[in-house]
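Structure, as structure tokens:
Just so it is clear, none of the values below were taken in a lab; they were calculated from the coordinates. Just so it is clear, the model here is predicted, and its values are computed rather than measured. Every residue, glycine as well, gets a Cβ built from its backbone with ideal geometry; the counts of neighbours run over all protein chains shown.
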Amino acid sequence: LNIVPLDYVVRAAHAIGRHPGAPGRTFHLADRSPLSVRSVLDLVARTGGRRTTRGQIPSSLAKALLHTPGIDRVIRNPRAFVEQLTSAVRYDTRSTDQTLEGLGITCPPFESYVGSLVEVVQARIKGDSRVPGAPEEEDSEVDDPLS
């Protein structure tokens, strides 16, 4: 499961966009060492103080079950999400790594920021719309130039 933090994507995309050798090349902003779906779910559960998963359903069986008529009334997971989780994908970060080399812009490991993600979700569940650790926002309105 390839998860990357937004601040990495923004910094990397900005640096790549300014790089003279970037036009015409393809860049994957991905984690070079992604965790498995199970590892991500277990880490999120442990970080959130929950039990980790037990057992597993083979992906081929999960895909088949999701095509059962009426399954949408029984489960909450959308088919597209499960299809995405069970699809094998490999990203090639060679162009990205080469272009960002020496700039100090690297994708941090998921373990280093899972606590922040869990904290934000827990705050939202409690009804707090503020992002923990973020500066307080002013109550002024911002004009949207695109509207």
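For Asp42 and His19 in one chain, what is 0.36 nm times their gap in residues minus the Cα-Cα distance, to one decimal in nm? Please report the intermediate quantities before stating the final value.
Details: separation 23, 0.36 × 23 = 8.28 nm, distance 3.82 nm.
Fully extending the segment from Asp42 to His19 adds 4.5 nm.
For Leu103 and Glu119 in the same chain, what is the full-extension length gain: residue separation times 0.36 nm, less their Cα-Cα distance, in nm? Kindly include the intermediate steps, with their values, before the conclusion.
Values: separation 16, 0.36 × 16 = 5.76 nm, distance 2.95 nm.
Between Leu103 and Glu119, full extension yields 2.8 nm more.
What order do you get for 13-23, 41-51 when each peptide is scored by the mean count of other beta carbon atoms within 10 Å, highest first? Mind showing how you got there, number by number?
Details: 13-23: 11.8, 41-51: 13.9.
With the highest mean Cβ count within 10 Å placed first, the list reads 41-51, 13-23.
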Could you please report the charge total around Val114, scoring K, R as +1 and D, E as -1 over all other residues with beta-carbon less than 11 angstrom from its beta-carbon?
-2
Under the rule of at least 5 residues apart or a separate chain, name every residue whose amide H is placed under 5 Å from the amide H of Phe27.
none
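Can you give the FRET efficiency to the nearest 0.05 for Leu1 and Arg54, using r as the Cβ-Cβ distance and R₀ = 22 Å?
0.70
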Can you work out ³J(HN,Hα) from phi for every residue in the range 31-47, in order, using Karplus 6.51 cos²θ - 1.76 cosθ + 1.60 and θ = phi - 60°, giving whole Hz and x for Gly and Pro?
7, 5, 10, x, 8, 6, 4, 4, 4, 4, 4, 5, 5, 5, 4, 4, 5
